[in-house]
Amino acid sequence: MDMHTVVVGTSGTTAEDVVAVARHGARVELSSAAVDALAASRLIVDALAAKPEPVYGVSTGFGALASRHISTELRAQLQRNIVRSHAAGMGPRVEREVVRALMFLRLKTVASGHTGVRPEVAQTMADVLNAGITPVVHEYGSLGCSGDLAPLSHCALTLMGEGDAEGPDGTVRPAGELLAAHGITPVELREKEGLALLNGTDGMLGMLVMALADLRNLYTSADITAALSLEALLGTDKVLAPELHAIRPHPGQGASADNMLRVLAGSGLTGHHQDDAPRVQDAYSVRCAPQVNGAGRDTLDYAAVVAGRELASSVDNPVVLPDGRVESNGNFHGAPVAYVLDFLAIVAADLGSICERRTDRLLDKNRSHGLPPFLADDAGVDSGLMIAQYTQAALVSEMKRLAVPASADSIPSSAMQEDHVSMGWSAARKLRTAVDNLARIVAVELYAATRAVEIRAAEGLVPAPASQAAVAALRAAGAEGPGPDRFLAPDLAAADTFVREGRLVAAVEPVTGPLA
């Protein structure tokens, strides 16, 4: 476990800190400024709670039941009840890293001092994270408006010592037992605290942040595989010249073209033609790779801007303002995050699609410019990579279905009080599947392209030094090279892990220098 410590202050957090806590077990500490801000905002809530006038979230019911004024003796029960009743998720468990991101980002908002939560509640949140206790959160239950209500409620339930959670050893036990085993006292929620723990966009934001980290790696990896496919197809690298991309100055396009050009530097394959009639132009999937990959890169940059704004935000309703007012608002609506989650699913699907088209071209003897059918050792006796492309095509087909936007839907809830919702949690969940699939799709292209490059090398054409580095590293990772048919799934799994862990990028950068 990474013992790096993330200090949570009053002004938000960074994407790097989210990943450190969610994926790498970084410890969490509250800054002294955050503790002071928590105490100050709690004084405001306590003062409002003592007044006879009803204040939403402090001395009233919630949502469509906000018109009822709750007497003092029932308010602790009200806070417990909202957590228990809202912890109504169903379906498979959500991944540990998602739950840790969810809890950490809720702590980030609580620490801002805009929620009215007591310092001891925030400290308990940090303690649970540091103990490696992960609440059991289910796939279904969030509409992405009024925040990720059910997922956050399951987390709040753990703070109360109720429900189930996973311990650091991976065993699911009653949350109360886990808290006791780590010396953590369950919280007794007071006015507003139950509402404050579950009224945020933290789940969808956490998944966005992690998807961005994964997609950065996959887009660079896809630039490398596109370059390898171009090389294996004896394509021309002239289309990657910087002066061509300068006249259409999309930043991502220029970055992808530069990545490909670096990978192809020193290649003895580019520009060769084995046809009787030399090609004037390469196919779109080869020639337009920088345009497609680059447009996706620019989309990642836009999504990162949205994520950055959310990471600096305090999302709750109502909120405690610096002047002492407690005001209702609509900042919990997930639309800004939901839109970019859907946008990323669209560009991921298109990237997967163009990768598959290049793979298919490598395998087709009529379009591969001299490569054997399906890159087989003895075509007819061997099927080569025929069915690897089938698998890739199936993944691409699912990617297209996952690209259908969740945020275009809305189902009213809470007796029509919450009559327009974002479905951002659903957008995030399908994006996670899309990212997983994209890694597999890129891995299949990599496996095919490296085999094709090796076949060219056996014919006396010398690949680029970066290509040779990629081939050597992939073979060392357990994905074997050309030869007779064998059990292919383990090779593809090895290629998938190789891409997913960033090892493809790491293999070529010592030759190319840092890639974008």
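What is the distance in Å between the Cα centroid of region 442-515 and that of region 356-377?
Using only Cα atoms, the two centres lie 16 Å from each other.
In a solvent-free Debye calculation with one equal scatterer on each Cα, what is log10 I(q)/I(0) for region 32-99 at q = 0.29 Å⁻¹, listed in the order of the q values?
Log-scaled intensity ratios, in q order: -1.22.
How high is the relative contact order of region 86-212? Use alpha-carbon pairs under 8 Å, at least six apart in sequence, and give a whole percent.
33
For region 369-420, what's the radius of gyration and Dmax over Cα atoms, in angstrom?
22.5, 67
When only C-alpha pairs under 8 Å and at least 6 residues apart count, what is the relative contact order of the chain, in percent? Spell out each step's value before the answer.
Values: 1017 pairs, mean separation 83.9, N = 516.
Worked out over the chain, it gives 16 percent.
Measuring from label point to label point, each 7 Å out along Cα→Cβ, what is the Thr497 to Ala472 span in nm?
About 2.2 nm, to one decimal.
List the pairs from Lys365/Lys400; Lys108/Lys400; Lys238/Lys365; Lys108/Lys430 whose alpha-carbon separation is above 31 Å, in the order I gave them. Don't skip to the end; give the middle numbers.
Details: Lys365/Lys400 27 Å; Lys108/Lys400 35 Å; Lys238/Lys365 24 Å; Lys108/Lys430 25 Å.
Distance filter (> 31 Å) returns Lys108/Lys400.
Bin by bin, in steps of 5 Å, what percent of the Cα pairs in region 254-392 do you find, going until the bin that has the longest distance?
Result returned by the calculation: 2, 8, 11, 13, 13, 12, 9, 7, 6, 5, 4, 3, 3, 2, 1, 0, 0.
Taking 1 over the mean of 1/r across every pair of different Cα atoms in the chain, what Kirkwood radius in Å do you get? Spell out each step's value before the answer.
Details: mean 1/r = 0.0404 Å⁻¹.
Answer for the chain: a Kirkwood hydrodynamic radius of 24.7 Å.
Could you tell me which residue out of Ser426, Ala20, Asn317 lies farthest along the dipole of the chain toward its positive end? Charges go on the beta carbon: Lys and Arg +1, Asp and Glu -1, centred on the Cα centre.
Of the candidates, Asn317 comes out farthest on the positive side.
Multiplying the sequence separation of Met90 and Ala458 by 0.36 nm and subtracting their Cα-Cα distance, what value in nm do you get?
Values: separation 368, 0.36 × 368 = 132.48 nm, distance 5.53 nm.
Going from the current span to full extension adds 126.9 nm.
State, as an integer percentage, the relative contact order of region 291-342 based on alpha-carbon contacts under 8 Å between residues 6 or more apart.
31
Just the number, please: carbon plus sulfur as a percent of the accessible area of region 384-516, 1.4 Å probe, no ligands or DNA/RNA counted.
After summing per-atom areas, the C and S share lands at 60 percent.
Taking 7 Å along the Cα-to-C-beta vector as the label spot, tell me the Phe487-Glu120 distance in nanometres, rounded to one decimal.
In this crude label model, Phe487 to Glu120 measures out at 5.8 nm.
Could you run the Debye sum over the Cα atoms of region 56-144, one equal point scatterer each and no solvent, and tell me log10 of I(q)/I(0) at q = 0.17 Å⁻¹, two decimals?
-0.94
Given a 1.4 Å probe and heavy atoms of the protein chains only, how would you sort Lys108, Lys430, largest accessible area at the top? Write down the numbers at each step before the final one.
On the way: Lys108 5, Lys430 30 Å².
Solvent-accessible surface, decreasing: Lys430, Lys108.
The values are calculated or read from the model by the stated rules, or taken from the named source; none is laboratory data. None of these values were measured; they are calculated from a predicted model. Using ideal geometry, Cβ is built from the backbone for each residue, glycine included, and neighbour counts are taken over all protein chains shown. Protein only, heavy atoms only, side chains kept; ligands, DNA and RNA dropped before computing areas. Shrake-Rupley method; radii C 1.70, N 1.55, O 1.52, S 1.80 Å.
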